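The values are calculated or read from the model by the stated rules, or taken from the named source; none is laboratory data. What you see is a predicted model, and the numbers here were worked out from it, not measured in a lab. Glycine also receives a Cβ, built like all others from the backbone with ideal geometry; neighbour counts cover every protein chain displayed.
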Amino acid sequence: MSSPRVIAIDGPAGSGKSTIARALADHLGLEYLDTGAMYRAVAFAALRARIDPGEAAAVVAVAQAMDLVLDRTSCVVDGVDATEAIRGAEVTAAVSTVAAVAEVRKELVERQRAWVAERGGGVVEGRDIGSVVFPDARLKVYLTASPEVRARRRAGEIGDADVEWVAADIRRRDDADSGRVASPLVAADGSVTIDTSDLGIDEVVAVIVGLL
């Protein structure tokens with residue numbers, strides 16, 4: 001599908017996707033969608049229903065039935081405020097398993113495309129936005145950073161988390177996201193890779209705006 005007003009931001013955990021995507025959307029006056037939060041919402045809903053994340057058929061049913069209200073500041077899943085819970089350790093441990101299920105991805109990709117169609121575009125961030133969801137996006141950016149920087153950033157987001165533990169968890173998620181069969185984490189064809197290790201938020205946004 002043609003997506004001339006979509007800017008796709010992909011990359012691994014801790015690369016700065018969410019922070020940069022929000023700042024870019026503000027700069028350009030566009031809407032912003034965190035697709036990773038959608039997969040976390042499915043994991044939350046499955047865990048809340050006492051479903052093992054590895055039970056693919058049951059997780060797919062949860063994804064298809066899930067009522068999700070997601071914006072910049074909140075995530076409401078089936079009427080329950082899950083804003084904080086989707087960032088917690090339990091959901092974080094389960095989300096890669098949930099995200100590897102092809103039918104879950106199919107369901108959420110349809111929702112992501114509908115979101116953009118309703119708004120006429122936006123800044124969309126995740127792990128397969130440029131490669132699968134919007135391959136014809138106006139601009140595709142792949143953000144990355146050194147493992148050490150990524151671990152420090154995520155530890156800071158979590159708050160008082162052990163950096164070594166976070167680094168190990170990031171490696172686990174990288175392996176799961178890059179190795180899955182359904183829409184693996186890759187730099188999309190035609191994307192521009194930006195290493196954010198030594199760049200501030202405004203500097204990265206300026207680079208992307210320059211690319212536009």
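A few comments on the model shown:
- Residue selected from segment 66-120 under the condition free of Cβ contacts under 8 Å to residues at least 24 places away in the same chain and among the polar types (S, T, N, Q), by the criterion nearest to L28 (Cα to Cα): T73
- Considering segment 115-166, the residues that are among the β-branched types (V, I, T) and in a helix (DSSP H, G or I) include one that is surrounded by the most Cβ atoms within 10 Å (Cβ to Cβ), namely I129.
- Yes/no for A188 being assigned to a loop (DSSP other than H, G, I, E, B) and either charged (D, E, K, R) or on the phi < 0 side of the Ramachandran plot (or both): yes
- Residue list for segment 88-102, filter: assigned to a helix (DSSP H, G or I), of a type outside the set (A, V, I, L, M) and exposed (fewer than 15 other Cβ atoms within 10 Å of the Cβ): E90
- Check on V42, modelled with pLDDT of 95 or more, over 17 Å from the mean Cα position of the chain (by Cα) and either part of a helix (DSSP H, G or I) or under 28 Å from D189 (Cβ atoms) (or both): no
- Search result, residues across segment 4-27 that are at pLDDT below 95 and in a helix (DSSP H, G or I): K17, S18, T19
- Segment 19-52, residues that are surrounded by fewer than 18 Cβ atoms within 10 Å (Cβ to Cβ) and polar (S, T, N, Q): T19
- Failed item, numbered, when A61 is tested on (1) assigned to a helix (DSSP H, G or I); (2) modelled with pLDDT under 95: (2)
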